[in-house]
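J.: Starting off with a structure, shown below.
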Amino acid sequence: MMKKRDFLKKTLAGFGGIVALPVVGSDSKKSQGNSDNEVCETSPKETRGPFPNKTPAELMRANIVADRQGVALLVNLKIQSQGNPCEALAGAHVDIWHCDAEGYYSEYGAHRLQEKDFRQVSFLRGRQTTNANGEVSFISIFPGWYPGRAPHIHVDILQGEKIILSTQIAFPKESTNAVYASRGYKGEEDTPNDKDGVFRNSLAGNMADYVVGNLSDGFTLSKVITVG
């Protein structure tokens, strides 16, 4: 763990601002495991739009912060298969993307959904390949929000270049309350989880397994995602 913390500390050191070191701590909620008696429920299928990755094969990186500033977030994902109950899915590509602290996406702009133009830059987007345990991690910042949506992270799971699941991860209110009251964010989101159109019928499956941490040390998000 110390080696991992040292790596994160060195990686984040150059970003300054309010980017901090994420906490790699114990669960505040029991995450999904791989017990023999567990029934694996497929994670919800959700829209990729309106700002999906354009060239994900070029984004093979664990550190997706780029020049963005915000509260540090370590994203730990475990991908498993429903077909082989709760068996880790090794060698799969995992793409993630989300908005910055102000609610803007890279690779898009100059249109009705996002007037600010970030078409020539690529931040807060990345791809990793799952290890033998189905795990990937990304170094990022806590996403902000934009009108009409609750805070979220987009995830694509691919075998080869075929998308086998597109889903989204929601955040517990306790963590968004803390982060959005801090410097660099624009206050409380206008759309809570239970009013979000995407999460309306699937919030339990979208919710992060846990988010732990604090503003000074950063946060760690963990989520098990199950593909059919």
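The values are calculated or read from the model by the stated rules, or taken from the named source; none is laboratory data. Here the structure is a predicted model, which is why all the values come from computation and not from measurement. Glycine gets a Cβ as well: all are built from the backbone with ideal geometry, and neighbour counts include every protein chain shown. We work out accessible area using only protein heavy atoms, side chains counted, and drop any ligands, DNA or RNA first. Shrake-Rupley method; radii C 1.70, N 1.55, O 1.52, S 1.80 Å.
J.: Looking at segment 95-194, which GluC sites (Glu not before Pro) are in a loop (DSSP not H, G, I, E or B) and have at most 10 other Cβ atoms within 10 Å? If you can, show how the numbers build up before the last one.
T.: Numbers: sites: 102, 107, 115, 135, 161, 174, 188, 189; in loops: 102, 107, 115, 161, 188, 189.
Taking segment 95-194 and a limit of 10 other Cβ atoms within 10 Å, the loop GluC sites (Glu not before Pro) found are 115, 161.
J.: Let me ask something else. Can you pull the accessible area of residue 111 for me, 1.4 Å probe, Å² to the nearest 10?
T.: Result for residue 111: roughly 60 Å² accessible.
J.: State whether segment 101-228 is rounded, prolate or oblate according to the following rule on the C-alpha gyration tensor (a ≥ b ≥ c being the square roots of its eigenvalues): a/c under 1.5 gives rounded; otherwise a/b larger than b/c gives prolate, and the remaining case gives oblate. If you can, show how the numbers build up before the last one.
T.: Working: a/c = 1.41, a/b = 1.17, b/c = 1.20.
Here segment 101-228 falls in the rounded category.
J.: Starting from 0.36 nm per residue, how many nanometres of slack lie between residue 195 and residue 173 once their C-alpha separation is accounted for? Can you show the working numbers first?
T.: Working: separation 22, 0.36 × 22 = 7.92 nm, distance 1.28 nm.
Taking 0.36 nm per residue and subtracting the Cα distance, the gain is 6.6 nm.
J.: Within segment 140-167, whose backbone N sits under 19 Å from a point 7 Å along Cα→Cβ of residue 181?
T.: 142-145, 151
J.: Which of 116/223; 45/78; 162/195; 45/162; 116/162; 54/162 have a Cα-Cα distance over 22 Å? Before the final figure, lay out each step's value.
T.: On the way: 116/223 31 Å; 45/78 16 Å; 162/195 32 Å; 45/162 15 Å; 116/162 31 Å; 54/162 14 Å.
Too far apart for the 22 Å limit: 116/223; 162/195; 116/162.
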